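S.K.: The structure's right below; bear with me while I get my questions together.
Derivation of every value follows stated rules applied to the coordinates shown; laboratory data play no part. Quick caveat, the model's predicted, so the values are computed rather than measured. For neighbour counting, all protein chains shown are included, and Cβ atoms are generated from backbone atoms with ideal geometry for every residue, glycine included.
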There are 2 protein chains.
Amino acid sequence: MAEMTAMMQDTITALVEARKYNTVRDVMVTMNPADIAAVLEDVSPAVLPVVFRLLPKELAAETFVEMSSENEELLIRAFSDSELKAVVEELYADDAADIVEEMPANLVSRILQQADPAFRKTINEILKYPEDSAGSIMTTEYVDLHPDMTVTAAMAHIRRTGVDKETINTCYVTEKKGRRLVGAVSIRTLLLADEDATVGDIMKTNIVSVSTLEDQEAIAQLFSKYDLIAMPVVDGENRMVGIVTVDDAIDVMEEEVTEDIEVMAAITPTDKPYLQTSVWRIWASRIPWLLLMMVSATFTGLIISSFESALAVLPVLTAFIPMLMDTGGNSGSQTSVTIIRGISLGDIEFRDIFRVMWKEFRVSMLCGVCLAVCTSAKILLVDFLLLGNGTGNWPENFLVAAVVGVTLIVTVFAAKLIGCTLPLLAKKIGFDPAVMASPFITTIVDAVSLLVYFAVASAIMGSYM
Amino acid sequence: MAEMTAMMQDTITALVEARKYNTVRDVMVTMNPADIAAVLEDVSPAVLPVVFRLLPKELAAETFVEMSSENEELLIRAFSDSELKAVVEELYADDAADIVEEMPANLVSRILQQADPAFRKTINEILKYPEDSAGSIMTTEYVDLHPDMTVTAAMAHIRRTGVDKETINTCYVTEKKGRRLVGAVSIRTLLLADEDATVGDIMKTNIVSVSTLEDQEAIAQLFSKYDLIAMPVVDGENRMVGIVTVDDAIDVMEEEVTEDIEVMAAITPTDKPYLQTSVWRIWASRIPWLLLMMVSATFTGLIISSFESALAVLPVLTAFIPMLMDTGGNSGSQTSVTIIRGISLGDIEFRDIFRVMWKEFRVSMLCGVCLAVCTSAKILLVDFLLLGNGTGNWPENFLVAAVVGVTLIVTVFAAKLIGCTLPLLAKKIGFDPAVMASPFITTIVDAVSLLVYFAVASAIMGSYM
C-alpha cells in the first residue's frame, strides 16, 4: 500500500505540474480521503488550494480532516468565507474541535464565525474539556432514542436524522426527561426486532460508559476489552453528552503507545510525526534526558574513581566493567519493559507486586547462574588461556573469574528486582511507569553493579589489592 | 474499572464458596462477557464448570471466547458432547479457529465433531492460512449482496440472514457469478436510500481490501489509516472469502506493539500475558539475548584491555568510561526507537533514509556540542576543582576535559547515525527493524565510543601516555 501511495503521489504531482486539472479530479474522486490527503502532502503550497478546490464538497471535507495541520492551515488561509463555511458544515464536532485546537487564534475566530451558532457552542464545549479526556475526543452526533419508542418509530427517527450522525450502528437510549442514559441498542437488533416492540424491550442495559473526564488511555483499553465500536460519554449525573467512536480510540491507542515507547527510550513525547518535527524540537525532546543521564553516570564515575588504586594494582578487573554494567542494564530493562507493557495492557496491577517479585526472583536466579557459569568459563578459557590477558598467576586468574561470576549473579538479581518493582511503585503513586524503563534503571543498576563488583572483589581478592 | 473487576472477583468467589449459585447467576447475567471471563479466572478449576453452566446459552458462548486458553481447555474437558455442541454452534468461525489452534489434538477432534460439516470445513480452511495472515484472522460470516438487488430486497436479505453475521454494519457486494468483490455499502446508506434504488447504484466502489495472505500487521495499519470497522478479504482472483473486523484488528495492533516492545528490549516475544507465563518460559525468552550481548560486551572488554597500559598511566581516564558508554548508548537508542516506531506506524519508509540521516546529523551536532560543553565544564569545576579527582597538573586536567568533550561529540554523532540507519536497512532487507533497537545498538556504540575515546586521548595527550 505504501508503494501505491508513493506511485500515486508521483502521478498526481506530474499531472498537477502539467496543469491537467480535469484528469487530476477524475483520478482523485476514485480515491479514499486518507489517500488523497497523503498525496496532497507532496503538492506545492502554491497550487494546493487549486487542487483541493477540484474535489466535490463532501469528499473535500472528508479529505480535509485527514490532512496535516500545516496543510489545513494553508487551505483555511486560502479559503473564501463561503468555501470555509462549506467545509465546516460537513465536519463532525470532534474533528472540528481538533482542527480549531491546532490553528492560530486569528484563524480560530474565522472558523467559528462560519459555524452555525449551535455547532459553535458544541465545539466550544468540547474544547473546554481537559486534554486527553473523554470529553475532548468525543463527538456529539449520535443517535438518541427513548425507551417508549416503538421499533418502527425508532427506525423512522434514524432515517430522518441518521445522515448527520457519526455512526448509527449503535443507538443510545435516554430517558425523555433528564437525558439520563438507560441503554443501548444496535441497528442490527432494531432491524431484526418485531416492529411493535418498544426500544425499552429490546435494548441492552449492561452498557459500558465513561465520564467526560475519564482519561483517554483508559477508554482505549475499554474498547479493546469489550470489543466496542462506540462508547457513550456521560456527565456526573449519568446524562448522555456524546460518544467516542472506535476510529478515535485506535488513534488514541497509537498515540499512547508511541508516548510509552518514547518515554521508555528517554525522549519527551512530541505530538507530530518524526519527519514533520523540526530539528530544534527533536533536540529539545532528547537533550534534557541525555544531560540528566550523563549527570547520573557521574556517580558510576565517582565509584570507579574511589576504587582507582585497587584498579591500578589489578588492572585486569577494569576490562570486565563494561560487560558487567551492560549485562546488568540489559537484565533490568528486560524486566522493566515487560512489566510496563503489562501495566499498559491492564494485565498487571499493583496488587500483583509480590507474585511479580517472586517470579522475577526465580527468573533472575536462572539467568544469573547461567550467565555466571558461561562468563567464568569464557574468561578462563578465552581471555586468560587463549588470549593471555590474565594476570599470569593461575590461582589469581581463578579468583578473578569467580569474582566476575558472583558479581553477575548478584547484579542480575538486583537488576530484575529493581526492574519489576520500580514501574509498579511508579504506577501506585501516580507516575507514568514508562519513565522507570531502561535508561533510568540502567543508571541505578550501573551503580549497583560496580559497588557489588568492588565489594565482591575485595572480599575474595582482598589480599592482592 | 480494574478495581471494579477485582471487587466483583471477590464477591463472586465468596458467593461460589457459599454455594449461592442462584445469586451467582443473577449477578453474572447483568455483566459483560469480558468481565465474567475475568472473574472466572479466579474461580477454582473444580467448580469452574459448575459456575459456567449457570450462564444462559448465548452469554455462555460469548463468555467462553473471552476466557484464557487454560480455562477454555478445562471447560471443554468437562463438557458433555451436547454442551460442547451448544457452545460451538454459537461461535463465529474466526473464534472457533482460534480456540482449535490452542487446544491439544484429542480435544480438537472432539470440537470439530460437534461442529456441523459446513462449519467444520470453514474452520479447517481458516486453519490452513499461514499464521499472522489475513486468512487466519478473518471470519466468513459477512453480509453478501449483489449489485442488481433493490434496496428493499437487500434489507429483506439482511433481516433474514443478519442474526448469524459478525457484523451487518458494512455489507459487501459481489458479482452473482464468480463472487468477485465489486463494492461495499453501509447499513446507513441502505437505510437512507430510496427503496427502489439498486445496490449497484448506491454502493461505494473505491474500497480497501486485502488478500488472504496479507500480513496482519499491515491490515491493522489499514484500519487505522482508513478508519474502518471491517475490511473484506479476497483471494488471488478478487473473490470475496471473508472479513476482518475492527475488534480483531485492535487485538493484532496490541499484539504487534507488544512484540515490537519486547524485541526492542531484547526479549523473544511470548504469546501469553506475563503472569500466565512460566518461569522457565520467561527465562528462555531472555537468556539467549543476555548471553549474546554478554559475548559482544567482550569486545568492549578487549578494547579496554588493549589500552590497559595507557589507563594505568592515566587512571583518571577510566572514570569517564561508563559515562561515555552510557551517553552513547542512550543517544543511539533514542534515535533507533524513534525510527522503529515511525516505521511501524508507516510514517517513515526506506526512501526517507537521506532525509532521516540529514535530520539526525543536525540533531546529533546540537546534542553532542551541548553535552560536550556541559561535561567538560562539570569535569573541570566539580570533579577536578571541587572534588580534587584530577591529575594535580592543571594543563593536563584541561586536556582530559577536552578529550572527554571531543569524544562525546564524535560518539553522539556516530550513535545517532547508526541508530537511524540500522533499522531502515533492516526493514529494507526484510528483517524486523525492532531487533536493531537499544541493546544491539548499545553494543556497537559502546565499542565505537571506546575506540574514539582512546584515539582522541592519544591524539591530544599522546605525550603523557
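S.K.: What aspartates and glutamates sit close enough to residue B:378 to cross-link, taking a C-alpha to C-alpha distance under 18 Å and skipping anything fewer than 8 places away on the same chain?
M.R.: B:326, B:396
S.K.: Mind jotting down the distance between the C-alpha centroids of the range A:228-276 and the range B:282-351, whole Å?
M.R.: Cα centroid to Cα centroid, the span is 33 Å.
S.K.: Hey, another quick one. Just to confirm the filter: which trypsin sites (Lys or Arg not before Pro) across the range B:66-111 are DSSP coil and have at most 15 other Cβ within 10 angstrom of their Cβ?
M.R.: Those that pass, being in a loop and sparsely packed, number zero.
S.K.: Still on this structure, please answer the following. In the range B:365-465, which chymotrypsin sites (Phe, Trp or Tyr not before Pro) are in a loop and have at most 14 other Cβ atoms within 10 Å, using DSSP for the loop call?
M.R.: Hits after loop and neighbour filter: B:431.
S.K.: In terms of the ratio Rg/(2.2 N^0.38 Å) built on C-alpha atoms, what value belongs to the range A:306-365? Show your work: numbers first, answer last.
M.R.: Working: Rg = 17.3 Å, N = 60, 2.2 N^0.38 = 10.4 Å.
Cα Rg divided by the expected 2.2 N^0.38 Å: 1.66.
S.K.: Using the beta-carbon distance between residue A:196 and residue B:204 and R0 = 41 Å, what value does 1/(1 + (r/R0)^6) give for FRET efficiency, to the nearest 0.05?
M.R.: The value I calculate is 0.75.
S.K.: Give me log10 I(q)/I(0) at q = 0.17, 0.20, 0.21 Å⁻¹ for the range A:215-361, Debye formula, one equal scatterer per alpha-carbon, no solvent.
M.R.: -1.15, -1.24, -1.27
S.K.: Still on this structure, I have one more. Taking amide hydrogens as modeled 1.01 Å from N in the peptide plane, which residues meet the under 5 Å criterion relative to residue A:241, leaving out close sequence neighbours?
M.R.: Those qualifying (amide H under 5 Å, at least 5 residues apart or on another chain) are A:233, A:234, A:235.
S.K.: Can you work out the base-10 log of I(q)/I(0) for the protein assembly as shown at q = 0.04, 0.06, 0.09, 0.10 1/Å, using the Debye formula on its C-alpha atoms alone?
M.R.: Taken in order of the listed q values, log10 I(q)/I(0) reads -0.23, -0.50, -1.04, -1.22.
S.K.: How big is the range B:385-430 along each principal axis, measuring the range of its Cα positions in Å and listing the largest first?
M.R.: Rounded to whole Å, the extents work out to 55, 17, 11 Å.
S.K.: Also, quick follow-up: With a cut-off of 8 Å between alpha carbons and a minimum separation of six or more residues, what is the relative contact order of chain A in percent?
M.R.: On the way: 596 pairs, mean separation 50.2, N = 465.
Result for chain A is 11 percent.
S.K.: Given Cα pairs under 8 Å that are at least 6 residues apart, what percent is the relative contact order of the range A:52-154?
M.R.: Taking the mean separation of contacting Cα pairs over the length of the range A:52-154, I get 25 percent.
S.K.: Report, to two decimal places, the Cα Rg of the range A:121-270 normalised by 2.2 N^0.38 Å (N = number of residues). Let's see the in-between values first.
M.R.: Working: Rg = 16.8 Å, N = 150, 2.2 N^0.38 = 14.8 Å.
Cα Rg divided by the expected 2.2 N^0.38 Å: 1.14.
S.K.: Placing +1 at every Lys and Arg Cβ and -1 at every Asp and Glu Cβ, with all other atoms neutral, what dipole size does the range A:105-180 have around its Cα centre, in debye to the nearest 20?
M.R.: So the magnitude is around 260 debye.
S.K.: Follow-up question, since we're still on this one. So which trypsin sites (Lys or Arg not before Pro) in the range B:132-176 pass both tests, a DSSP loop state and at most 13 other Cβ atoms within 10 Å of the Cβ?
M.R.: Here the sparse-neighbourhood loop sites are B:176.
S.K.: May I ask which residue of B:454, B:191, B:28 lies farthest towards the positive end of the charge dipole of chain B, with charges of +1 (Lys, Arg) and -1 (Asp, Glu) on Cβ and the Cα centre as origin?
M.R.: Most positive-ward Cα: B:454.
S.K.: Further, regarding this structure: Run through the other copies and list how far each one's label point is from that of residue A:148, in nm with one decimal, shortest first; the point sits 7 Å from Cα along Cα-Cβ.
M.R.: 4.9
S.K.: At residue B:25, label 7 Å along Cα→Cβ: distances to the other copies, nm, ascending?
M.R.: Between copies, matching label points for residue B:25 lie 6.7 nm apart.
S.K.: Which value, in debye to the nearest 20, describes the size of the charge dipole of the protein assembly as shown about its Cα centre when Lys and Arg Cβ atoms bear +1, Asp and Glu Cβ atoms bear -1, and nothing else is charged?
M.R.: Magnitude of the dipole: close to 1940 debye.
S.K.: Please get the size of the charge dipole for chain A, origin at its Cα centre, with Cβ charges of +1 on Lys and Arg and -1 on Asp and Glu, quoted in debye to the nearest 20.
M.R.: 1300
S.K.: Could I ask something else about it? Along Cα-to-Cβ, 7 Å out, sits the label point; list in nm, shortest first, how far the one on residue A:382 is from those in the other copies.
M.R.: Copy-to-copy label distances at residue A:382, shortest first: 3.5 nm.
S.K.: How about residue B:20: which lysines have a C-alpha closer than 22 Å to its C-alpha, ignoring those fewer than 8 places off in the same chain?
M.R.: B:57
S.K.: Put +1 on the Cβ of each Lys and Arg and -1 on the Cβ of each Asp and Glu in the protein assembly as shown; which of B:236, B:105, B:441 then has its Cα farthest toward the positive end of the dipole?
M.R.: About the Cα centre, the residue reaching furthest to the positive side is B:441.
S.K.: Under 27 Å between alpha carbons, and skipping anything fewer than 8 positions from residue A:177 in its own chain: which lysines qualify?
M.R.: In chain and number order, the partners are A:121, A:128, A:165, A:204.
S.K.: What 222 nm value per residue comes from the helices of chain A, counting each DSSP H run with n ≥ 4 as -39,500 (n - 2.57) and dividing by all residues, nearest 500 deg cm²/dmol?
M.R.: On the way: 22 runs with 297 residues, N = 465.
The helix-only estimate for chain A comes to -20500 deg cm²/dmol at 222 nm.
S.K.: Can you tell which of B:295, B:84, B:168 lies farthest toward the positive end of the dipole of chain B, using +1 and -1 charges on the Cβ of basic and acidic side chains (Lys, Arg; Asp, Glu)?
M.R.: The residue sitting most towards the positive pole is B:295.
S.K.: Report the local net charge at residue B:226: Lys and Arg +1, Asp and Glu -1, summed over other residues whose C-beta lies under 13 Å from its C-beta. Walk me through the numbers before you get to the answer.
M.R.: Values: positive: B:204, B:225; negative: A:35, A:62, A:66, A:247, A:251, B:227.
Residues near residue B:226 contribute -4 overall.
S.K.: In addition: Looking at the range B:1-103 from every direction and averaging, what is the projected area of its Cα convex hull in nm²?
M.R.: Convex hull of Cα atoms, orientation-averaged projection: 6.2 nm².
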